[in-house]
Amino acid sequence: MISIRRRPVFTGFVSLLVLTAGLTSCGNSGKQDVDNGTGEEKSGTSSSGKDTLVQTIFYSVPSPIETASLIQKTGVPYNKDFLNDIQNVPKYTTTGSKALNLGVYGTDLSFTSIYDQTQESMIYLKCANNLANGLGISNAFGEETANRLDANKNNRDSLLGIISESFWQADSYLKDSERPGTSSLIIAGGWIEAVYIATKLQSSSKNAEITTRIAEQKFTLENLVKMLKRYDFDATIADVYKDLIDLKTVFDQISLVKSPSESSKDPKTGITTIGSKSKLNITPEQLKAISDKIEILRAKITK
C-alpha cells in the first residue's frame, strides 16, 4: 500500500482550457430541448443555482497546465507518444466530440509548452483552433494567438499565460452564449487526457510524485461528475458521465486516513496550534485499475 499525503486541490483556469499560421494543418432525447448533441438547453431554463455550482466546480478542477507543471518538475522526460495523434482531428465531426477533444488537445498543448516543445506546441495550437472553429469560438485560438505564441516562444511563462488567456476567452464566450454543456465537455476531455498522460508516465517511471497526483484526482473527479450531472439530458454528456461514474468506483476505494493530532507552538506569539494531517492510501491494484479504465475511456473519446 502506498501512503500519500493529501495536497490541496489546485485551482486555476481549466483545461480548455486547457484545455485546446496556416491554422489548418491539423488535420437526443432528454429532459430539455437540446441542440443535437451540443449539451445545451434551448429552452432557457437553466437556473442561477446551476450556474453558481458549475462556476464553483470550474474553479476547483485543476488545469492540465498545473498537472503538466507538477509532472515536469519530477524530472520525468517528455514523451510525445502519449499525446493524441494530430491526424485524428478530422474524425471529430459532432459538437460533443469536438468539445471533448478540444479539451484533449488543450492538455497536449499544455504538456508540450511545459516541456519547451515549441514546434509541437504550435502544431497542437492549430489542432485546437481547428476544433474551436467548429464550435464557433475561433477567436480564442486564431492567428493573433499563434503570432503571440511565436513571438514569446522562448518564454515559457508567457506561453502558458497566453494559452490560459485563450481558454478563458473560449469559456467566457460559451457561458455568455448559454452553452455551458459544451464547456463542461471541454473540461472533462482535458481532465481525462491529463490523467491518461499521468498514468502513462507513472507506468514508465514509477515516480511516486506522479502517483500522488493521480491519487489526488479522487477529489477532482467528485466535482467533475457533479458538474456533468447537471447536463446529462444530453446524450453525449450522459455517456461521459456514466463512464466517469464507473471510473469513480475505483477512486472511491482510495482511503483517506487522518494521522494523529500534532501540536506546534509559535515561539513569538506563544500560541499553540493543534491539527492533524491526512493522507491518501492507494494500492498498486487500485492504481492499475485506474490506469486501465482511463485508457479505455480516453480511447473512446479520441477514436
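Within the stretch 200-216, track down each residue that is in a helix (DSSP H, G or I), surrounded by fewer than 23 Cβ atoms within 10 Å (Cβ to Cβ) and polar (S, T, N, Q).
The answer is 203, 204, 205, 211, 212.
Using the structure shown, decide if residue 219 is surrounded by 14 or more Cβ atoms within 10 Å (Cβ to Cβ), aromatic (Phe, Trp, Tyr) and at pLDDT 95 or above. Walk me through it before giving the result.
Details: surrounded by 14 or more Cβ atoms within 10 Å (Cβ to Cβ): yes; aromatic (Phe, Trp, Tyr): yes; at pLDDT 95 or above: no.
Spelling it out, it is not the case that residue 219 is surrounded by 14 or more Cβ atoms within 10 Å (Cβ to Cβ), aromatic (Phe, Trp, Tyr) and at pLDDT 95 or above.
Please enumerate the residues belonging to the stretch 99-129 that are under 16 Å from residue 147 (Cα atoms) and touching a Gly at 6+ places or on another chain (Cβ under 9 Å).
Passing the criteria: 124, 126, 127, 128, 129.
What are the pairs with Cβ atoms under 6 angstrom where one residue, in the stretch 289-300, is within 14 Å of residue 218 (Cβ to Cβ) and of a type in the set (D, E, K, R) and the other, located anywhere, is assigned to a helix (DSSP H, G or I) and modelled with pLDDT of 95 or more? Sequence gap at least six, or different chains.
293/247
Could you please let me know if residue 184 is buried (at least 17 other Cβ atoms within 10 Å of the Cβ), under 29 Å from residue 112 (Cα atoms) and of a type outside the set (A, V, I, L, M)? Let's see the steps before the verdict.
Working: buried (at least 17 other Cβ atoms within 10 Å of the Cβ): yes; under 29 Å from residue 112 (Cα atoms): yes; of a type outside the set (A, V, I, L, M): yes.
Here the answer is yes, as residue 184 does meet what is asked.
If a residue counts only when it is at pLDDT 85 or above and either more than 15 Å from the chain's Cα centre (by Cα) or crowded, with 17+ Cβ neighbours inside 10 Å (or both), which helices (runs of 4 or more DSSP H) contained entirely in the stretch 65-176 have at least 2 such residues?
Details: elements: 95-114, 118-135, 143-151, 156-176.
In the stretch 65-176, 95-114, 118-135 are the helices (runs of 4 or more DSSP H) which contain 2 or more residues that are at pLDDT 85 or above and either more than 15 Å from the chain's Cα centre (by Cα) or crowded, with 17+ Cβ neighbours inside 10 Å (or both).
The values are calculated or read from the model by the stated rules, or taken from the named source; none is laboratory data. These numbers were taken from a predicted model, which means no experiment stands behind them. As a convention, Cβ positions derive from the backbone with ideal geometry for all residues, glycine included, and neighbour counts pool all protein chains shown.
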